[in-house]
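Down below is the structure, laid out as structure tokens.
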Amino acid sequence: GAGAGGVLAGGLTAEEIGEWVGSSGLLSLVVTHSRVLGAEERAVLAQRQAVAVNVDLQQALVDLQGDCAQCLCNWIDLAPASCASFLNALPDSLLAPSAANALELPNPLSGPHLEAAEALASVTSVLLAKAEQASPSLLSLPPSAQQALALWAKDGASDALRISALTGLKHLGKALRDPEANGAIGTVLVQAAQAASSVIVAAEAVNAMFDVYAEDDLNQAVLVPLRLLECLVAFQGPFKAGAAQWLKDHKEAARHAPEIRAQASTLKEVRANIPRFIEYKHSMGMPLPAPA
């Protein structure tokens with residue numbers, strides 16, 4: 001752990017360790033093993049699996065990818081400013097080829113393919129959070145990465161995949177205020193909320209809308225064409241009912257499991273904020289739908 005002045009056990013600062021991890025080649029190795037395999041690599045793997053005994057090579061590689069992706073997420077979160085060049089290279093060195101490979105996988109994703117996508121989505125969302133905080137140049141995501149986030153936010157095969165994708169889109173939407181680019185993100189957020197089979201995912205999608213559109217600069221250029229208030233008015237009734245049932249079903253679990261407790265807190269927060277958000281945006285001149 002770090003002490004005063006960011007000095008870690010052993011006398012090195014976080015910046016010194018960050019620089020060493022990059023210069024030693026260790027970080028490049030982690031990035032290599034965080035990639036999603038392409039079609040040719042998967043074919044070679046299948047050939048080798050045919051002669052392997054008592055070893056699931058695909059699962060072993062996905063487990064390695066998940067571990068490396070988690071290490072990479074931790075490093076991105078703590079990366080010092082001196083490592084900006086390595087961070088800036090990640091969209092092209094990791095995200096672009098991995099997202100392109102992931103988009104070639106059969107949908108809906110399952111098994112190791114799903115785990116690989118979840119790891120990639122997690123790295124992407126952490127990188128975008130870093131970009132929002134300190135490295136705006138990272139916001140220029142490769143088209144394949146943006147396409148993957150949009151697909152997974154709406155049609156991801158697990159809650160974890162959808163939530164990571166929504167988190168990434170939230171950071172992207174908060175930073176990109178061009179109406180065309182932002183409107184595309186807003187469209188995905190609305191569609192993700194409407195398509196969600198899980199009330200937890202729906203809450204994350206709506207919470208992302210609140211964060212992206214907390215300011216009023218895009219009210220007329222984006223939110224009115226999206227008919228966002230109309231969508232939220234129609235959405236809030238079913239969402240409140242679903243949230244109430246989920247909270248009832250998980251009341252006991254929330255007392256003992258921190259993750260469930262955090263989800264319950266998010267549901268309550270979103271449930272309370274939907275009418276507040278609608279009322280505030282209406283007070284800023286946005287039209288409400290006509291009564292049925």
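Per-structure values
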quantity: Helices (runs of 4 or more DSSP H) fully within segment 186-292 counting 2 or more residues that are free of Cβ contacts under 8 Å to residues at least 12 places away in the same chain and open to solvent by less than 80 Å² (accessible area, probe 1.4 Å); calculated: 228-249, 251-256, 258-283
quantity: Condition broken by residue 21, with the remaining ones in (1) of a type in the set (A, V, I, L, M, F, W, C); (2) out of contact with any Ser or Thr (no Cβ under 8 Å at 6 or more places or on another chain); (3) under 17 Å from residue 112 (Cα atoms) satisfied; calculated: (3)
quantity: Single unsatisfied condition, residue 54 versus (1) polar (S, T, N, Q); (2) farther than 20 Å from residue 19 by Cβ; (3) modelled with pLDDT under 90; (4) in contact with a Leu (Cβ under 8 Å, 6 or more places away or on another chain); calculated: (4)
quantity: Test: residue in segment 110-124 that is of a type outside the set (D, E, K, R), part of a helix (DSSP H, G or I) and either over 24 Å from residue 56 (Cβ atoms) or at pLDDT below 85 (or both); calculated: yes
quantity: Qualifying residue in segment 124-144 (condition: open to solvent by 40 Å² or more (accessible area, probe 1.4 Å) and of a type in the set (Lys, Arg)); calculated: no
quantity: Failed criterion for residue 75 (all others in (1) within 20 Å of residue 31 (Cβ to Cβ); (2) open to solvent by 90 Å² or more (accessible area, probe 1.4 Å) hold); calculated: (2)
quantity: Selection from segment 168-185 of residues that are open to solvent by 50 Å² or more (accessible area, probe 1.4 Å) and assigned to a helix (DSSP H, G or I); calculated: 174, 179, 180, 184
quantity: Verdict on residue 18 being modelled with pLDDT under 75, open to solvent by less than 80 Å² (accessible area, probe 1.4 Å) and not in a helix (DSSP H, G or I); calculated: no
quantity: Filter pass, residue 41 being open to solvent by 30 Å² or more (accessible area, probe 1.4 Å) and in contact with a Pro (Cβ under 9 Å, 6 or more places away or on another chain); calculated: no
quantity: Within segment 82-112, tally of residues that are buried (at least 17 other Cβ atoms within 10 Å of the Cβ) and over 16 Å from residue 145 (Cα atoms); calculated: 4
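The values are calculated or read from the model by the stated rules, or taken from the named source; none is laboratory data. Just so it is clear, the structure is predicted and the values come from calculations on it, not from any experiment. Positions of Cβ are backbone-derived with ideal geometry, glycine not excepted, and every protein chain shown enters the neighbour counts. Accessible surface areas use protein heavy atoms only, side chains included; no ligands, DNA or RNA. Shrake-Rupley method; radii C 1.70, N 1.55, O 1.52, S 1.80 Å.
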